[in-house]
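Report on the following structure.
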Amino acid sequence: MNESLGYLLCGLALGAMVSGCDRPPPPATTEAAPAATAPVAVAPARFAPPAESDIPENEFGEAVLLGKNIFVNTQQYAKDFVGNGMNCANCHLDNGRKADSAPLWAAYVLYPAYRQKTGQIDTIQSRIQGCFLYSMNGKPPALDSKEMTALVTYHYWLAKGAPTGVKMTGQGYLKVAKPAQKPDVARGRAIYENNCAICHGANGEGIKARGGYAFPPLWGKDSFNWGAGMHRVDTAAGFIQANMPYGLGGTLSDQEAWDVALFMNSHERPQDPRFSGSVAQTRDQHHDENCLYGRTPEELAAALEKQAEAATAAEKIKPAAEQLEGISPAVSH
Amino acid sequence: MRSTTRLILMGTMVMAASIAAAAPPAIVTQGKGAAIACASCHGVDGAGNAQAGFPVLAQLPPAHFAKQIADFKAGTRVNPIMTPIAMAMSAEDIESSARHYAGQARPKAGAAPADPAVIARGKQLAINGAWDRDVPPCFKCHAVDGLGIEPAFPPIAGQHAAYTVSQLQAWKTGARTNDPQTLMKTVAEKLTDDEIHAVADYLATIGTPGEGK
């Protein structure tokens, strides 16, 4: 693992507003971008990845299938690289196909791409390694490992026919508008009890069946760690709004999604692997105000207010910033 | 009702042969007033009856079992046969019959031979769903083998197809409204009638754990 810098989440603060974890692309990035950079066209219709039954019956198909198996059942097929109870598909639904669930077909065509906050080029491999290190609380497979090759092959195959360098509809997770009221842990708890506990358990511990987690844990030792993208309240709210409760995606209001995301991420989980021995120091180095790492919900709410004001001000100067060619869509790791 | 008699006999034999456990409670074998003996329709072993659409009760988690009886009583689940039976059951009847059926081995469903293409379609729905229409896979909520996830998600594998069809239709039409958070209604109302039959046929072919997958 030589490019550890590439994993730096919420890396360098670039200014009061464009701190490391802020959502992309911040206005500052737009200004800093070379004049020649053109906005990337957004593909209109919903992309349809190839059907599973179309996996070719040859050596290439075998690699696709292994990649799929690793993605869906990481616990079994890549267990040496996993340190919690999760599978990749737990957060990238429908085996990495579902729009608004960071689908792999949309990801594959956006990399390599430059990430301002780390000063590095993100690649599809570095994104996959990031998810192993943080979301799976494990250790990333080497670039030339059989696991990495199979995963990249699966990503590639799902993107068959997708336009390279185009940000497609459904890419990444939803961006949920800042809620009218400050996100609130107590309201989030009530939402959790009524909408989530039936599957994820009274204490977010998930439910096991037939040896593994049937419903994955949302916090605690078997869940994603404090460096994972999902630990950010804004990212979690976007995932939850579009995808949860399972089968009922899109039914929670923006406010409810923020409240329950805040509640979920106010619990303990495995330490950030970049932990330096001091929470405050690790926070200052790697975490911005969009998470509860070493921060109180009140501090997060106050930061949200500030961001909203700044965003409104920025909007007056510039209309909605668009995805820029060659700029990484990554929000974290 | 010859087949019913046979079921009872079979059930009794299975009981006698395999389990030296306590005798089945009287509510199951004899009934009590309007609560007709459960065994006459569901069997002592809980195998149910495919043609009549009497569901398999074997290995239902007691919490799900008790919830269904309570829902029949409350009217969020309605059935002309079961509602009056449920109404006549006491708390103790529910507890003892639930415990009895939870302890029975899940029988291998006597699946009627169906078109392999239909079975394949049903299997696809059960395992992968149809996310292009926001239909999640059955097996995400009912476990990878369809045998349920306690306490809230009942087993659906090895169930008689006619019964599974009737329940999915009941949710689709709004006749059954007892599912938590409308989790099942949301699934059922997106399925076509053909899909309902296909998935029900598939589920009936996978009886015991590890069977037919």
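At-a-glance table
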{"quantity": "Among the candidates B:A126, B:A130, residue that is at pLDDT 95 or above, surrounded by fewer than 19 Cβ atoms within 10 Å (Cβ to Cβ), farther than 30 Å from B:V28 by Cα and not charged (D, E, K, R)", "calculated": "B:A130"}
{"quantity": "Options A:T118, A:T153: the member that is crowded, with 19+ Cβ neighbours inside 10 Å, of a type in the set (S, T, Y), outside any loop (DSSP other than H, G, I, E, B) and within 21 Å of the chain's Cα centre (by Cα)", "calculated": "A:T153"}
{"quantity": "Members of the range B:160-179 that are within 16 Å of B:V78 (Cα to Cα) and part of a helix (DSSP H, G or I)", "calculated": "B:Y163, B:T164, B:V165, B:S166, B:Q167, B:L168, B:Q169, B:A170, B:W171, B:K172, B:T173"}
{"quantity": "For B:L191: the one exception among (1) more than 11 Å from chain A (Cβ to nearest Cβ); (2) over 16 Å from the mean Cα position of the chain (by Cα); (3) among the hydrophobic types (A, V, I, L, M, F, W, C); (4) in a helix (DSSP H, G or I)", "calculated": "(4)"}
{"quantity": "Evaluation of B:I85 against (1) open to solvent by 30 Å² or more (accessible area, probe 1.4 Å); (2) more than 23 Å from B:K185 (Cβ to Cβ) (one fails), failing number", "calculated": "(1)"}
{"quantity": "Qualifying residue in the range B:79-101 (condition: over 17 Å from B:A157 (Cα atoms), more than 17 Å from the chain's Cα centre (by Cα) and modelled with pLDDT under 95)", "calculated": "no"}
{"quantity": "Enumeration of residues in the range A:260-295 that are part of a helix (DSSP H, G or I) and either closer than 19 Å to A:S223 by Cβ or in contact with a Phe, Trp or Tyr (Cβ under 7 Å, 6 or more places away or on another chain) (or both)", "calculated": "A:V260, A:A261, A:L262, A:F263, A:M264, A:V279, A:T282, A:R283, A:H286"}
{"quantity": "Number of the exception - B:G129 against (1) closer than 18 Å to B:P55 by Cα; (2) within 11 Å of chain A (Cβ to nearest Cβ); (3) in contact with an Asp or Glu (Cβ under 9 Å, 6 or more places away or on another chain)", "calculated": "(1)"}
{"quantity": "Contacts under 6 angstrom Cβ, first residue in the range A:194-221 being within 9 Å of chain B (Cβ to nearest Cβ), partner part of a loop (DSSP other than H, G, I, E, B) and of a type in the set (V, I, T), 6 or more apart", "calculated": "A:R210/B:V144"}
{"quantity": "Residue, most open to solvent (accessible area, probe 1.4 Å), within the range A:157-179, restricted to residues that are in contact with a Gly (Cβ under 9 Å, 6 or more places away or on another chain) and within 20 Å of A:C88 (Cβ to Cβ)", "calculated": "A:L174"}
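The values are calculated or read from the model by the stated rules, or taken from the named source; none is laboratory data. Source: prediction; values computed, not measured. Here Cβ is always computed from backbone atoms with ideal geometry, including for glycine, and neighbour counts include all displayed protein chains. Side chains are part of the model used for accessible areas, which takes the heavy atoms of the whole protein and leaves out ligands, DNA and RNA. Shrake-Rupley method; radii C 1.70, N 1.55, O 1.52, S 1.80 Å.
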